[in-house]
1. Hey, can you tell me all the residues within segment 274-294 that are hydroxyl-bearing (Ser, Thr, Tyr) and surrounded by 14 or more Cβ atoms within 10 Å (Cβ to Cβ)?
2. Which strands (runs of 3 or more DSSP E) sit wholly inside segment 172-230 and have at least 2 residues that are surrounded by fewer than 19 Cβ atoms within 10 Å (Cβ to Cβ)?
3. Can you work out which of the residues in segment 3-26 that are in a helix (DSSP H, G or I) and without any contact (Cβ under 8 Å) to a residue 60 or more places away in the chain is nearest to Ala114 (Cα to Cα)?
4. Take Leu302 and decide whether it is in a strand (DSSP E or B), farther than 24 Å from Tyr396 by Cβ and of a type outside the set (S, T, N, Q).
5. Asp269 fails exactly one of the following numbered conditions: (1) closer than 30 Å to Leu301 by Cα; (2) at pLDDT 95 or above. What is the number of that condition?
6. Condition check: surrounded by fewer than 17 Cβ atoms within 10 Å (Cβ to Cβ), at pLDDT below 95 and among the polar types (S, T, N, Q). Does Gln69 satisfy that?
7. Hey, can you tell me all the residues within segment 235-287 that are touching a residue at least 60 places away in the same chain (Cβ under 8 Å), within 16 Å of the ligand (Cβ to nearest atom) and in a helix (DSSP H, G or I)?
8. Give the residues of segment 104-138 that are in a helix (DSSP H, G or I), among the β-branched types (Val, Ile, Thr) and closer than 30 Å to Gly228 by Cβ, sorted by residue number.
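The values are calculated or read from the model by the stated rules, or taken from the named source; none is laboratory data. Keep in mind that what you see is a predicted model, and the values were worked out from it rather than measured. All Cβ positions, even for glycine, are placed from backbone atoms using ideal geometry, and neighbour counts span all protein chains on display.
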Amino acid sequence: MQPIIKKKILLGVTGGIAAYKSAELVRQLVKAGAEVRVVMTPAAREFVQPLTYQALSGHRVYVDLFDAQADSAMDHIELARWCDLMLVAPASADFLGKMVAGYADNLLLTLCLASRQPVAVAPAMNQQMFANAATTANLEQLQARGVLVWGPDAGEQACGEVGPGRMLEPAQLLANIETQLQPGKLQGVEVLLTAGPTREAIDPVRYISNRSSGKMGYALAGAALRAGANVTLVSGPVSLSAPSGVKLLRVVSAGQMHDAVMRAVANSDIFIGCAAVSDYRVDGEADHKLKKSTQAMSLQLLPTTDILAAVSALDKRPFCVGFAAETRDLEKYALAKLQQKNLDIIAANLVADGSGGFETDFNRLEVFWPGGGHSIAQASKPEVAKQLIDLIGERYTGALSDNPSTT
Ligand code: C5P
């Protein structure tokens, strides 16, 4: 593991008794060579004085919005941009709820909204508060949006109760930060991705499409970006915003997606086909809205071009990763697709068993490559995306050293 010397950590402290442990975390981070700035919520001041963190970090502590604005060297947006990673520890139930709702009524909340860097939270609260459905739902939402949730631990609590809700120990939080800040496996690599559904027009107001939300593809774009890649995302119609830094090309139909990919592919090292591309389009889209009648009607459908297969058949092909959404015989169909489409990796998920897939925030994947495979356990799509990008990074680097002419 590479050291975190000179890495910039923004530590947010909210109102909870575990705030005293964050002082120890600051000490350990500084000892490990990191630069630390501390932001406290007003409630945190009830537990620990800012001076404690100031003495340990060697920098002034920010408490409210107007502090940061008064500091011409570092306003609140700059503070958010300054860091390599932001960690809120302890993160109280109240703070997590406000993060979910997008509140910005104190400096730390504004920083969470303004951050482009990874944001982690270390929840700390009474075990009953942690078990409450509101807290569980809040943490799930944050995870689905890409916030890293570290902990909590279980054990004896300050209030005397026993159960899950203790903040992770400073040494564990330091280890998590170190892991998170390891250099990306795809530094400088060009990644081209497809995501979302496509729409095949029947007439100007109707279309054929599918239930893909685009969440997995967008999570992969974010994970590839964080792994150091330059990312181009060709997206069908979804209601998501692309992670900032991603080059987004919006398309509607399978034909448009194909053309956009073919224009961009020459520059790419890795192609990930995550879109649920329509397999058919309507032969002879009507110019005007079709009128209803009591008669049966039929549509003639023509197959679309398989974008992934077309990319993998190129003479100078990128490293190709495909997806297989199946409702049964997952491994059999996935392995067949791996071979038929001449892929380097296929990531397969069952879309019928409720553990992930279309329209959900969670997923689990069975990943296969020629001669091997790996399971990614059920987790939020951003977490699954991170693990898949790590795996792609390893296989891609291996392919480069096995065969320098792969790309
Ligand atoms: O054959 P099937 O549609 O199940 O394969 C799914 C994989 O192929 C996905 O990676 C999907 O993005 C890709 N695909 C494609 N173009 C199509 C159909 C599927 O790129 N027309």
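1. Applying the first criterion (hydroxyl-bearing (Ser, Thr, Tyr)) to segment 274-294 yields 278, 280, 293-294.
Ser278, Tyr280, listed by residue number.
2. Working: elements: 190-195, 200-203, 206-208.
The qualifying strands (runs of 3 or more DSSP E) are 200-203, 206-208.
3. So in segment 3-26, the residues in a helix (DSSP H, G or I) come out as 19-26.
Next, from what is left, pick out any that are without any contact (Cβ under 8 Å) to a residue 60 or more places away in the chain: 20, 23, 26.
Numbers: Tyr20: 26, Ala23: 25, Val26: 23 Å.
Ranking the candidates gives Val26 first.
4. Working: in a strand (DSSP E or B): yes; farther than 24 Å from Tyr396 by Cβ: yes; of a type outside the set (S, T, N, Q): yes.
Here the answer is yes, as Leu302 does meet what is asked.
5. With respect to (1) closer than 30 Å to Leu301 by Cα; (2) at pLDDT 95 or above, Asp269 is out only on (1).
6. Working: surrounded by fewer than 17 Cβ atoms within 10 Å (Cβ to Cβ): yes; at pLDDT below 95: yes; among the polar types (S, T, N, Q): yes.
Yes, satisfied.
7. Hits for segment 235-287 are Met257, Val261, Ala264, Val265.
8. Residues of segment 104-138 in a helix (DSSP H, G or I): 107-114, 127-131, 133-138.
Remaining after also requiring among the β-branched types (Val, Ile, Thr): 110, 135-136.
Passing the criteria: only Thr110.
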